[in-house]
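To keep things clear, I will list the structure first and then write my remarks on it.
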């Protein structure tokens, strides 16, 4: 294989679409496997080939990239009868970039190693905006020689690549990051609600927070969403619930007490029960307002 290796991509969703476009724009031959024509349309319009089956995808690819929603789909794509573990050829590489459990990831690694296929765990950190601009960060673990081969492909859509080890290290680090991301929304929502009680505006508070010792790229990215109260989802409450289930599942398996993460998972559960499942996960702010008796006051203003 070389830098001209052929890329196959399964899962052209919110993140997969801009990431795969970057690969195509960087000169790689790209085949996409995506059941929904409307999802793959923009990539196909730029010159990607359509793989109508997993057999087509394997036949036209040297490296297969996966951006899929959850463990169930990963298991179906890799481990089901007539799926990738049975179709891939020795020497091919699978790069899985989603947030999935370390437990299933290890099972996939074992299955692919038995057919001499290199398996890289490569979850990403960032948003659809950073995916489009090619400025994601990628955490990678798995065979280092395979990582070196695909690094130029990863660089198509990422500005930083962190090689972490030969096993499930990337899976754990992704869960670490998502625990912090989900906790940020919860703590910020509480803090802003306290500030509203003290006659501060959301805009004023965020202007100061973004220039303070607790400033973060995440809060800066969500600033306008919070000020304008536009909770159209970049990442939804239901998606965050799935990630916290993975976080707490890994913690349970490894006997790691996570008191705060358990409480925050329940806050997302309450948001779900309030009908906010498909809102952006920073909608916890409005939930805290209601708990503090501010929502009725706001309507009266």
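Within the range 31-42, identify whether any single residue is touching a helix residue (DSSP H, G or I) at 6+ places or on another chain (Cβ under 6 Å), in a strand (DSSP E or B), within 19 Å of residue 151 (Cβ to Cβ) and modelled with pLDDT of 90 or more, and answer yes or no.
no
Determine, yes or no, whether residue 5 is under 19 Å from residue 88 (Cβ atoms) and either over 18 Å from the mean Cα position of the chain (by Cα) or in a helix (DSSP H, G or I) (or both).
Details: under 19 Å from residue 88 (Cβ atoms): yes; either over 18 Å from the mean Cα position of the chain (by Cα) or in a helix (DSSP H, G or I) (or both): yes.
Spelling it out, residue 5 is indeed under 19 Å from residue 88 (Cβ atoms) and either over 18 Å from the mean Cα position of the chain (by Cα) or in a helix (DSSP H, G or I) (or both).
Would it be correct to say that residue 94 is within 24 Å of residue 179 (Cβ to Cβ), outside any loop (DSSP other than H, G, I, E, B), in contact with a helix residue (DSSP H, G or I) (Cβ under 7 Å, 6 or more places away or on another chain) and touching a residue at least 12 places away in the same chain (Cβ under 8 Å)?
Numbers: within 24 Å of residue 179 (Cβ to Cβ): no; outside any loop (DSSP other than H, G, I, E, B): yes; in contact with a helix residue (DSSP H, G or I) (Cβ under 7 Å, 6 or more places away or on another chain): yes; touching a residue at least 12 places away in the same chain (Cβ under 8 Å): yes.
For residue 94, the condition - within 24 Å of residue 179 (Cβ to Cβ), outside any loop (DSSP other than H, G, I, E, B), in contact with a helix residue (DSSP H, G or I) (Cβ under 7 Å, 6 or more places away or on another chain) and touching a residue at least 12 places away in the same chain (Cβ under 8 Å) - is not met.
Residue by residue through the range 169-204, note down the ones that are farther than 17 Å from residue 283 by Cβ, more than 14 Å from the chain's Cα centre (by Cα) and in a helix (DSSP H, G or I).
Those that are farther than 17 Å from residue 283 by Cβ, more than 14 Å from the chain's Cα centre (by Cα) and in a helix (DSSP H, G or I): 169, 194, 195, 197, 203, 204.
Within the range 10-30, restricting attention to residues that are in contact with a strand residue (DSSP E or B) (Cβ under 8 Å, 6 or more places away or on another chain) and in a helix (DSSP H, G or I), which residue is nearest to residue 150 (Cα to Cα)?
Once the filter is applied, the top-ranked residue is 23.
Residue 274 - would you say it is surrounded by fewer than 16 Cβ atoms within 10 Å (Cβ to Cβ), farther than 24 Å from residue 126 by Cβ and touching a helix residue (DSSP H, G or I) at 6+ places or on another chain (Cβ under 7 Å)?
Details: surrounded by fewer than 16 Cβ atoms within 10 Å (Cβ to Cβ): yes; farther than 24 Å from residue 126 by Cβ: yes; touching a helix residue (DSSP H, G or I) at 6+ places or on another chain (Cβ under 7 Å): yes.
Criteria met by residue 274.
Quickly run through the range 112-128 and pick out the residues that are buried (at least 17 other Cβ atoms within 10 Å of the Cβ), more than 14 Å from the chain's Cα centre (by Cα) and outside any loop (DSSP other than H, G, I, E, B).
Going residue by residue through the range 112-128, those that are buried (at least 17 other Cβ atoms within 10 Å of the Cβ) are 112, 117-127.
From what is left, the residues that are more than 14 Å from the chain's Cα centre (by Cα) are 112, 117-120.
Result: 112, 118, 119, 120.
Could you check the range 272-291 and list, in sequence order, the residues that are over 23 Å from residue 100 (Cβ atoms) and either assigned to a helix (DSSP H, G or I) or not assigned by TED's automatic domain parsing to the domain that holds residue 185 (or both)?
Going through the range 272-291, the residues over 23 Å from residue 100 (Cβ atoms) turn out to be 273-276, 279, 282-291.
Matches in the range 272-291: 273, 282, 283, 284, 285, 286, 287, 288, 289, 290, 291.
So which of 131, 85 is in contact with a helix residue (DSSP H, G or I) (Cβ under 7 Å, 6 or more places away or on another chain), more than 23 Å from residue 18 (Cα to Cα) and buried (at least 17 other Cβ atoms within 10 Å of the Cβ)?
Values: 131 fails: more than 23 Å from residue 18 (Cα to Cα).
That would be 85, the only listed residue that is in contact with a helix residue (DSSP H, G or I) (Cβ under 7 Å, 6 or more places away or on another chain), more than 23 Å from residue 18 (Cα to Cα) and buried (at least 17 other Cβ atoms within 10 Å of the Cβ).
How many residues, within the range 220-240, are touching a helix residue (DSSP H, G or I) at 6+ places or on another chain (Cβ under 7 Å), surrounded by 19 or more Cβ atoms within 10 Å (Cβ to Cβ) and within 18 Å of residue 177 (Cα to Cα)?
Number satisfying all stated conditions: 5.
Can you say whether residue 207 is out of contact with any helix residue (DSSP H, G or I) (no Cβ under 9 Å at 6 or more places or on another chain) and surrounded by fewer than 20 Cβ atoms within 10 Å (Cβ to Cβ), as far as the supplied structure shows? Spell out the reasoning first.
On the way: out of contact with any helix residue (DSSP H, G or I) (no Cβ under 9 Å at 6 or more places or on another chain): no; surrounded by fewer than 20 Cβ atoms within 10 Å (Cβ to Cβ): yes.
It is false that residue 207 is out of contact with any helix residue (DSSP H, G or I) (no Cβ under 9 Å at 6 or more places or on another chain) and surrounded by fewer than 20 Cβ atoms within 10 Å (Cβ to Cβ).
Looking at the range 54-76, which of its residues are modelled with pLDDT of 95 or more, closer than 30 Å to residue 246 by Cα and in contact with a strand residue (DSSP E or B) (Cβ under 8 Å, 6 or more places away or on another chain)?
Scanning the range 54-76 gives 54, 57, 58, 63, 64, 65, 66, 67, 74.
The values are calculated or read from the model by the stated rules, or taken from the named source; none is laboratory data. What you are looking at is a predicted structure, and each value in this text was computed from that prediction instead of being measured. In this analysis, Cβ positions are derived from the backbone assuming ideal geometry, glycine residues included, and neighbour counts consider all displayed protein chains.
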